[in-house]
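These notes are about the structure you will find just below.
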Amino acid sequence: MIMRKGWRPVLVLILLLIIWQVLVPLFEVPEWLLPTPYQIGVEAINSWPNYSGHLFATIRLSILGFLIGSSIGLGVAIILHLVPKLRETFYPLLILSQNIPIIVLAPLLVIWFGFGLLPKLIIIILVCFFPITIAALDGFRQTSGELLHYMKMAGADRRQIFWKLEWPHAMPSIFSGLKIAATYSVMGAVISEWLGAQEGIGVYMTLASSSFRTTQVFVAILLIMCLSMLFLQQLCYSKSGSSAGKRAGEGIQMAELAIEQLTKSFDGTEVLKALSLNIADDEFVAVLGPSGSGKSTLFHLIGGLYEPDTGTILLGGENIKGQKGSVSYMPQSPSLLPWRTVLDNVLLGAEIAGHKDQQAAIQMMEKAGLAGYEQSYPHQLSGGMKQRAAFIRSLLSPQPLILLDEPFSALDEFTRSEMQKWLLDIWQHNKRSILFVTHNIEEALFLADRILVLSEKPARVVAEFKVGFARPRAEDITLTEEFLQYKKDIYKVLKKGTGE
């Protein structure tokens with residue numbers, strides 16, 4: 001795979017070698033000044049008994065230093081990531097330390113630690129440590145905020161968030177750092193051997209240059225390049241290799257949600273003001289409101305990401321204010337973890353809660369039309385299939401209330417309509433309490449038992465509509481006079497609430 005992708009650089013390298021081979025004899029450049037590629041190749045073959053011991057010494061030193069340096073770098077990155085105050089303190093110092101040339105430190109290390117193995121290892125560790133640490137920290141920091149919100153609202157603790165989300169999310173960055181460190185480790189080993197080692201490519205190069213054996217110097221350079229490419233290729237290779245019939249959520253506690261006089265402000269700006277609402281067990285309630293009216297803030301308060309300034313949030317009679325893991329949550333995008341299979345993704349919420357049931361998940365996927373995709377990955381699914389997987393994940397989670405935050409907003413009209421019908425069908429057979437945020441009046445009417453209309457910021461409930469259509473609902477209700485009248489009435493309230 002690597003060679004198939006890298007044929008252009010190889011072609012350019014061959015072309016440069018041909019030009020080199022032609023120009024050196026043409027301009028009669030002496031061998032001691034610049035040998036031809038052919039002379040270097042002949043020397044590399046003939047001198048194998050002379051430098052093979054040096055080569056293996058450098059390989060051993062490079063691998064040992066790389067392993068130690070990479071381990072320390074990863075360990076430091078994890079600690080700095082998990083302890084923000086340490087990161088704020090030491091990250092700038094880490095960056096500043098790279099302004100100190102390793103070649104300057106080398107003589108000092110000999111003075112401090114002598115001519116043994118330790119100073120050589122320290123040099124390699126130092127050159128490998130930085131790229132690993134910085135790459136890992138960047139990978140951790142770039143974790144998707146939406147995925148992080150989902151994990152927190154699902155009740156994941158710090159350990160689960162790190163190992164199930166942040167660590168796998170950072171793996172591409174970590175591998176990038178490892179590739180850089182692998183190539184640096186060979187050069188670090190060669191520099192360390194210049195300090196006074198008895199064997200190694202650095203020693204071989206020093207002996208050759210001091211006796212003006214330029215061809216052997218180029219052989220040493222060739223060996224360094226080959227070792228670096230070998231280490232890089234090995235890392236790239238490693239990276240590429242890198243209940244029946246029962247209702248989902250059976251045994252879940254009652255799911256009445258009661259919110260009273262909820263108020264929340266950010267930096268002195270009120271987002272919610274004295275907001276009250278309630279949801280009965282197994283009821284489907286939609287929330288409509290202007291953009292920026294605080295609908296997402298309401299979800300974050302119910303999910304425990306924020307705490308309200310005043311007011312109460314009761315679920316099944318229990319106060320869940322500031323309590324994560326009490327609700328199941330489906331964000332606007334599917335937020336499937338790309339490194340997990342579809343089956344592992346739909347099990348994630350249940351896995352976090354400790355209620356993993358693989359057979360129930362497989363059966364639910366069959367009902368959702370995802371049979372045969374259990375071992376596929378999210379990038380192999382269509383947009384609608386991803387949304388189905390995300391909703392199944394919500395249903396399989398043991399929490400009694402599901403929060404759906406505009407889950408179909410990114411879909412085209414046809415797919416959106418199909419997903420709405422599919423959602424009702426699945427919900428009809430797996431009843432759960434649902435609070436559904438949307439900007440689409442028709443969607444709210446087609447799906448919900450009740451519709452709550454919010455005002456502009458600071459948001460409060462300004463109207464409530466009980467939707468009288470019988471269930472299961474047929475698609476043609478959207479063409480009835482009653483449906484159109486509902487739509488007109490809701491639109492009037494929304495328009496009035498926005499001041500238009």
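Structure shown: which of LYS367/LYS496; LYS85/LYS324; LYS120/LYS179; LYS324/LYS496 lie over 31 Å apart, alpha-carbon to alpha-carbon? LYS367/LYS496; LYS324/LYS496, as the Cα separations exceed 31 Å there. Converting the Cα gyration tensor eigenvalues of the stretch 248-328 into ellipsoid dimensions via √(5λ) gives semi-axes, longest first, of 23, 14, 11 Å. GLU456 contributes an accessible area of around 90 Å² to the protein surface, as traced by a 1.4 Å probe with all chains present.
By a 1.4 Å probe calculation restricted to protein chains, GLU418 has an accessible surface near 80 Å², given to the nearest 10. From the helices alone, meaning DSSP H stretches of at least four residues, give me the mean residue ellipticity at 222 nm for the chain, per-run term -39500 (n - 2.57), in deg cm²/dmol to the nearest 500. Only helices count here, giving -18000 deg cm²/dmol. Annotation: LYS431 carries an accessible surface of approximately 60 Å², with a 1.4 Å probe and no ligand, DNA or RNA atoms counted.
With a 1.4 Å probe rolled over the protein heavy atoms of all chains, the accessible area of ASP344, ASP476 falls in the order ASP476, ASP344, largest first. Placing unit charges on the Cβ atoms of the charged side chains and taking the dipole of the stretch 53-203 about its Cα centre, the candidate lying farthest along the positive direction among TRP112, PHE140, PHE90 is PHE140. The listed residues ASP309, ASP489 rank as ASP309, ASP489 when sorted by accessible area, largest first, using a 1.4 Å probe.
Residues whose amide H falls under 5 Å from that of VAL271, counting only those 5 or more places apart or on a different chain, are LYS264, SER265, PHE266, with hydrogens built in the peptide plane. Computed about its Cα centre, the charge dipole of the chain is approximately 560 debye, with only Lys, Arg, Asp and Glu carrying charge at their Cβ.
The values are calculated or read from the model by the stated rules, or taken from the named source; none is laboratory data. What you are looking at is a predicted structure, and each value in this text was computed from that prediction instead of being measured. Counting neighbours? That spans all protein chains shown, and the Cβs are built from the backbone with ideal geometry, glycine included. Only protein heavy atoms, including side chains, enter the accessible area calculation; ligands, DNA and RNA are left aside. Shrake-Rupley method; radii C 1.70, N 1.55, O 1.52, S 1.80 Å.
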